[in-house]
Number of protein chains: 2
Amino acid sequence: MAAGPATQEDTRTRLLATALRLFTEHGVEGTSLQMIADALGVTKAAVYYHFKTKDEIVEAVAEPGLRELGQVIDEASRLRRRGARIDHLLTGFVDTVVRHRALVALFSSDPGIARALARTWTSPEENFSVRILGILVGEESDLNRMVAAHVAVAGIALAGGSPQFAGVDDDTLREQLLDVGRRLLGRPRRVS
Amino acid sequence: MAAGPATQEDTRTRLLATALRLFTEHGVEGTSLQMIADALGVTKAAVYYHFKTKDEIVEAVAEPGLRELGQVIDEASRLRRRGARIDHLLTGFVDTVVRHRALVALFSSDPGIARALARTWTSPEENFSVRILGILVGEESDLNRMVAAHVAVAGIALAGGSPQFAGVDDDTLREQLLDVGRRLLGRPRRVS
């Protein structure tokens, strides 16, 4: 194995995976830098080399999922037809949830992660859900659509992150969640 | 106003309403008996007259909602036809969620309430969700039904407790959540 930068990158990746596992087990607030160092079998100084605070680790753990979701929302907003906006958002949202199941589960069960992120992101969850619901519901404030969209978004996130479906492979789970979402949002069951 | 037992009962009711409000604002773990006493304008001794520990208060706050949900599940289990079981459970679940919106919101956002209840209830949420999903999905382990039922239960609970619908009256919200649930579970839109 090569030494130098590649190994540092490898340590960072392992550190983030270990942190996510510990956050899931003990909550963000119940996890210390020392616990992360112990689980990795390194010194606390080695953790400090990569991150100065626990909040920085939380940000780095959450960043890929939040960035992907932000991109999906931006792309969907730029589409002209309403149906296309909804389809793009729903597909991208389901993709992101399935790809980042462990992170999604953490967001659904531990308010500590939102608190840790609040310092740098202005409540990303809040912002994202307002923008997502805006695209799914559209201009009219139709209560039926609003309730259906809310159930779809919250339900897909919770079901996608649930241990009940941990054994289901990504493609299958994606297909099932998409099907449920399309039904709720009144979209054709298969987009051609 | 009459003094004596009626007033004690009144204090208990006010105490539970105040506790639920403080739990919602500060989390269960961030709320102390002293804070509850201060908010009520009584001494800590007056709180101790009704409850010895914060966990006892949490139990009393959660009890009406959990008891109602338990009854609905028991009633549904006793019905013979599968469609009738699903309809009864769905209607009763939506009723309970709408009637106890603030409690449902607390369960969705604060793991502290489940931790506080774990002492006396063996994880009521877990048990209830296993029994609810069992009734909604039935014997066959059809993944499509399982995902739809999971999205329905989680989505109805989160949407029902969401501040977004705080201004919607009980009857209207109940009707909308039922409609969404029936669509997801493949039940007729109106039960005659």
Of these, B:28, B:72, which one is within 19 Å of the chain's Cα centre (by Cα) and within 16 Å of residue B:105 (Cβ to Cβ)? B:28
Scan segment A:126-145 and tell me whether some residue there is under 15 Å from residue B:184 (Cα atoms) and surrounded by 18 or more Cβ atoms within 10 Å (Cβ to Cβ). yes
Sort through A:84, A:76 and tell me the only one that's farther than 26 Å from residue A:22 by Cβ, more than 12 Å from chain B (Cβ to nearest Cβ), touching a His at 6+ places or on another chain (Cβ under 7 Å) and in a helix (DSSP H, G or I). A:76
Determine whether segment B:77-98 contains at least one residue that is within 12 Å of the chain's Cα centre (by Cα) and surrounded by fewer than 16 Cβ atoms within 10 Å (Cβ to Cβ). no
Residues being open to solvent by 20 Å² or more (accessible area, probe 1.4 Å) and within 20 Å of residue A:69 (Cβ to Cβ): count how many of those fall in segment A:158-170. 2
What number goes with the only condition from (1) modelled with pLDDT of 95 or more; (2) part of a helix (DSSP H, G or I); (3) within 9 Å of another protein chain (Cβ to nearest Cβ) that residue B:168 does not pass? (2)
Given the structure, is residue A:136 outside the structural domain of residue A:20 (by TED's automatic domain parsing) and farther than 29 Å from residue B:114 by Cα? yes
Please find, among A:152, A:157, the residue that is in the same structural domain as residue A:131 (by TED's automatic domain parsing) and farther than 13 Å from residue A:95 by Cβ. A:152
Regarding segment A:104-120, can at least one residue be identified that is within 15 Å of residue A:89 (Cβ to Cβ) and either touching a strand residue (DSSP E or B) at 6+ places or on another chain (Cβ under 8 Å) or in contact (Cβ under 8 Å) with a residue 24 or more places away in the chain (or both)? no
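The values are calculated or read from the model by the stated rules, or taken from the named source; none is laboratory data. In this text the structure is predicted, and so the values were computed from the model without any measurement. All Cβ positions, glycine included, derive from the backbone under ideal geometry; neighbour counts span all protein chains shown. Note: areas computed on protein heavy atoms with side chains; ligands, DNA, RNA excluded. Shrake-Rupley method; radii C 1.70, N 1.55, O 1.52, S 1.80 Å.
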